1. Tell me, what is the 1.4 Å probe accessible area of PHE369, in Å² to the nearest 10?
2. Computed FRET efficiency, Cβ-Cβ of LEU48 and ARG190, R0 30 Å: what is it to the nearest 0.05?
3. Could you report the accessible area of ILE201 in Å², rounded to 10, computed with a 1.4 Å probe on the protein chains as they sit in the structure?
4. Net charge near VAL46, counting Lys/Arg +1 and Asp/Glu -1 over other residues with Cβ under 14 Å of its Cβ?
5. Give the residues of region 63-99 whose amide nitrogen is closer than 19 Å to a point set 7 Å from the Cα of GLU137 in the direction of its Cβ.
6. If packing is taken as the average count of other Cβ atoms within 10 Å, what order do 138-149, 317-328 fall into, highest mean first?
7. Which of rounded, prolate or oblate describes region 70-218 when judged by the alpha-carbon gyration tensor and an a/c cut-off of 1.5?
8. Rounded, prolate or oblate for region 105-168? Axes are the square roots of the Cα gyration tensor eigenvalues, ordered a ≥ b ≥ c, and the cut-off for rounded is a/c under 1.5.
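The values are calculated or read from the model by the stated rules, or taken from the named source; none is laboratory data. Quantities reported herein were computed from a predicted structural model and do not represent experimental measurements. All Cβ positions, glycine included, derive from the backbone under ideal geometry; neighbour counts span all protein chains shown. Calculation scope for accessible area: heavy atoms of the full protein, side chains included, ligands and nucleic acids excluded. Shrake-Rupley method; radii C 1.70, N 1.55, O 1.52, S 1.80 Å.
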Amino acid sequence: MHKCDTLKGRIVEGDTTMLNDILQSIGILLVYFLINPLLYIGLFAVYLFSGNRVKQERLSFHTRVYGRMADITIPFLSAVLLGVCVSIVTIALGLTITLPFVAVLAIIYIIFALTTQLRWISPTFVLGAVLLLYGFEPVLSTVETLMPLYNILAQIPIFVPAAILAIMALAEGFLIRMNGHVYTSPLLERSKRGKWVGIHIAKRLWMVPIILFIPEGIIPAFSFWPVLTVADIGLQPVLVPFLIGFQQRVRGTLPHIQIRTMGLRVIGLGIVFALLAAGSYFVPFLAVLLGGLAIVSRELLSYYAKKLDDKLPAFFSSQTKGCVVLGVLPGSPAEKMNIVVGETIVRINGQEVFDQTSFYEALQINSAFAKVDVLNHEGEVRFAKGALYDGEHHQLGVLLVKDDADLQDSIV
């Protein structure tokens, strides 16, 4: 019994030591993720554009639609889930970088962020620029100030950033399709004829955690820290937050139609990029070609979407019958009634509505309760009802396109 107890004690002690090593290893992984400059570049960018979004919404409706934290919470889960999927691919490929290379990426991210164009804060543009730097090496590597940069790039085979670019382009397409249309920001603007119309602005910055490898020994490790051995070289995993920015203005259709279509187009580009990246393993020049193509094609895709949207008549505009819902405030009675963006409210409490004034008057028929006739996206009428808020800055919680004759805010 004594020997048995001793053996059990050793097993328990061994299990505890193993658990501690694993927890310490995970802790190191998270610490290097949290001290990565890319993470704080992303958080600072979110802070800036979320503040601008709230400001623009207040100018249109005298209220914000979503809180500033929504720009972090809305993309969070989709970014993490896709990060897991992408990490499976990067682990299988054994893609290896160095910490100085991450610093180079951070500097290029900052340069693109200074343009204030959110869609340029993306691996497509950042890694595209890196691949072009490889291509200009014969000319630029002789410049003394750029020699440290090219010393860093020389440690990374060109097909590695090419492969990461292709993988992240595919990830961007899936994120746009899955999450880009969720809680877009409604705004008001003047049409060419001087009338008020509604638009939706999609702005996202996904911070996608991706596992890559660095040469063993660069960071501390414990006995259970996973190490991949390739050609007698030990590789340690690190968690890198890749920033994927997206912005799109939608005026002529429901937001999800154009944004999900954009996602499919980006996925198509990602497939082309993947073919070029695979070819660059054998023909390195294809990676340089990929860098230029990625930047130009992604920008042309945004330009093409804008041109198509501008040709369409405004979807959110004043109607002769009914009021088109431009936006719905979170937590409002309208949201609880399942009223969604793009539906048309035709009657309230049995009275037809066609603008803000008639909408407000119909709500006053019963200030505590509303019966609403809603024309859905399929053109079918459904009936919704619910209690109204007393003493709030809104009653139903829908955002409408205002008329010039209306003096009150375009929120009822």
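1. Spelled out: PHE369, probe radius 1.4 Å, area about 70 Å².
2. Here the calculated transfer efficiency is 0.70.
3. 30
4. With Lys, Arg at +1 and Asp, Glu at -1, the net is +3.
5. Once the point is set 7 Å along Cα→Cβ of GLU137, 95-99 turn out to lie under 19 Å by backbone N, inside region 63-99.
6. Those peptides, ordered most packed to least, come out 317-328, 138-149.
7. Oblate is the answer for region 70-218, as a/c is 1.5 or above yet b/c matches or exceeds a/b.
8. Oblate shape, in that a/c is at least 1.5 and b/c is the bigger or equal ratio.
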